[in-house]
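**Student:** Handing you this structure, nothing more for now.
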Amino acid sequence: MEHEFHQWLRDHPSINRPDKSILVGIGDDGAVLSSESAHTVVTTDTIAEGTHFDTSIHSLDLIGRKALAVNLSDIAAMGASPSHAVLTLLLPRHFSLADTKQLCSGIFEIAANYDVAIIGGDTNKWDGKLVIGATLIGHRSPSTTGWRINGAKQADRVVVSGSFGGSIKGHHLTFEPRIQLANYLAEHYEIHAATDASDSLSLDLQLLAQASNVGVDIDVDKIPISDALKTAETQTQLDGALYDGEDFELILTMTADVFEQINSDSNVPCQLTNIGEITPVTQGLRLLDTNGTFHPLIPRGYVH
């Protein structure tokens, strides 16, 4: 429903109106507003008990950390640097002051790590479960290009950061947003398209392909598998990498030459892997198996 709702919003006359200050609106990882000296990037995300975390097994400080980290991941996907955040806390009525302080300790720690100032927000108690929202503001140079979901070009390489699968084992609470990587790449290399893998690698690849009006071929042997799945059977590893979701790694497209330059650059701050290629839209999404045969890739993952 989420993506159909976004399309309805994009077409609605009260939202789809001329505004020269809006460079990127609904449908990407963040909105981009223009000014003479910089572009302002704005993103917002909400996590809810029972969907994104479980207070019976997850500590409140890690839950708070995740609330800001998912927004930092969106800022990274836009090739921007974070600066300010506004928080919204819907606290269950049984929450004590100590509980709230512990929740905020995780938010404040990761905010300090990424030099983000908490500048306001809203707090309420209610009869429901814990819900935490954040709006994050960042900035990027007007010369930064390609950090949008709809810029993939045919023959681009599909490149991902880190590894995939098994996030439910705890990585979804402790992942490091790829801010440093995104800032370095945005400054030094031409990226054609970018997004982060939040719902799943396969679903977010589909969104990038649809936005860019292209197809995607993925080589199953090249997908980097997380350590959490390394002891599982081969099919379980692949299914986890493609469909688990909440890996919060970057998915990027670029020319083969640019990838080779990045691959030989010792200053790139984390692992990047070429897992496939952008193809004509008529080919859709395909997986190349270990026998060299293509199969349709049917996206699965978290659907809002």
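The values are calculated or read from the model by the stated rules, or taken from the named source; none is laboratory data. All of these numbers come straight from a predicted model, not from anything done at the bench. All Cβ positions, even for glycine, are placed from backbone atoms using ideal geometry, and neighbour counts span all protein chains on display.
**Student:** All but one of (1) surrounded by fewer than 20 Cβ atoms within 10 Å (Cβ to Cβ); (2) in a helix (DSSP H, G or I) hold for Ala182; state the number of the condition that does not hold.
**Tutor:** Ala182 satisfies every listed condition except (1).
**Student:** List pairs: first residue in segment 12-28 and in the same structural domain as His39 (by TED's automatic domain parsing), second residue modelled with pLDDT under 75 and of a type in the set (A, V, I, L, M) anywhere in the structure, Cβ distance under 7 angstrom, at least six positions apart or on different chains.
**Tutor:** Partner pairs satisfying both residue conditions: Ile26/Ile15.
**Student:** On to the next question. Out of the residues in segment 285-297 that are out of contact with any Leu (no Cβ under 8 Å at 6 or more places or on another chain) and of a type outside the set (Asp, Glu), which is nearest to Ala155 (Cα to Cα)? Even if it seems obvious, please write down each step before you answer.
**Tutor:** So the first thing to find is which residues in segment 285-297 are out of contact with any Leu (no Cβ under 8 Å at 6 or more places or on another chain), and the list is 288-293.
Add one more test, that the residue is of a type outside the set (Asp, Glu), and what stays is 288, 290-293.
Values: Leu288: 16, Thr290: 21, Asn291: 22, Gly292: 19, Thr293: 19 Å.
Checking each candidate, the answer is Leu288.
**Student:** Within segment 232-272, count every residue that is surrounded by 18 or more Cβ atoms within 10 Å (Cβ to Cβ) and either of a type outside the set (S, T, N, Q) or under 27 Å from Ala155 (Cβ atoms) (or both). Spell out how you get there, then give the answer.
**Tutor:** Taking segment 232-272 first, the residues surrounded by 18 or more Cβ atoms within 10 Å (Cβ to Cβ) are 237-238, 240-254, 258-259, 262, 268, 272.
In the following step, the residues that additionally are either of a type outside the set (S, T, N, Q) or under 27 Å from Ala155 (Cβ atoms) (or both) were identified as 238, 240-254, 258-259, 262, 268, 272.
Residues flagged as surrounded by 18 or more Cβ atoms within 10 Å (Cβ to Cβ) and either of a type outside the set (S, T, N, Q) or under 27 Å from Ala155 (Cβ atoms) (or both) within segment 232-272 amount to 21.
**Student:** Please find, within segment 26-51, the residue that is modelled with the lowest pLDDT out of those that are part of a loop (DSSP other than H, G, I, E, B) and either acidic (Asp, Glu) or in contact with a helix residue (DSSP H, G or I) (Cβ under 7 Å, 6 or more places away or on another chain) (or both). Working first, answer last.
**Tutor:** Taking segment 26-51 and keeping what is part of a loop (DSSP other than H, G, I, E, B), we get 26-30, 35-38, 50-51.
Narrowing the set further to residues that are either acidic (Asp, Glu) or in contact with a helix residue (DSSP H, G or I) (Cβ under 7 Å, 6 or more places away or on another chain) (or both) leaves 26-30, 36.
Working: Ile26: 78, Gly27: 75, Asp28: 79, Asp29: 82, Gly30: 89, Glu36: 70.
Of everything passing the filter in segment 26-51, Glu36 is modelled with the lowest pLDDT.
**Student:** Which condition from (1) in the same structural domain as Asp247 (by TED's automatic domain parsing); (2) at pLDDT 95 or above is the one that Lys230 breaks?
**Tutor:** Of the numbered conditions (1) in the same structural domain as Asp247 (by TED's automatic domain parsing); (2) at pLDDT 95 or above, the odd one out for Lys230 is (2).
**Student:** Being of a type in the set (Gly, Ala, Ser), more than 17 Å from Arg178 (Cβ to Cβ), outside any helix (DSSP H, G or I) and in contact (Cβ under 8 Å) with a residue 40 or more places away in the chain, is that true of even one residue in segment 262-284?
**Tutor:** Let us first name the residues in segment 262-284 that are of a type in the set (Gly, Ala, Ser), namely 264, 266, 276, 284.
Filter once more, so that each one left must be more than 17 Å from Arg178 (Cβ to Cβ): 264, 266, 276, 284.
Now drop any that are not outside any helix (DSSP H, G or I), which leaves 264, 266, 276, 284.
Of the ones still in play, those that are also in contact (Cβ under 8 Å) with a residue 40 or more places away in the chain are 276, 284.
Looking through segment 262-284, at least one residue is of a type in the set (Gly, Ala, Ser), more than 17 Å from Arg178 (Cβ to Cβ), outside any helix (DSSP H, G or I) and in contact (Cβ under 8 Å) with a residue 40 or more places away in the chain.
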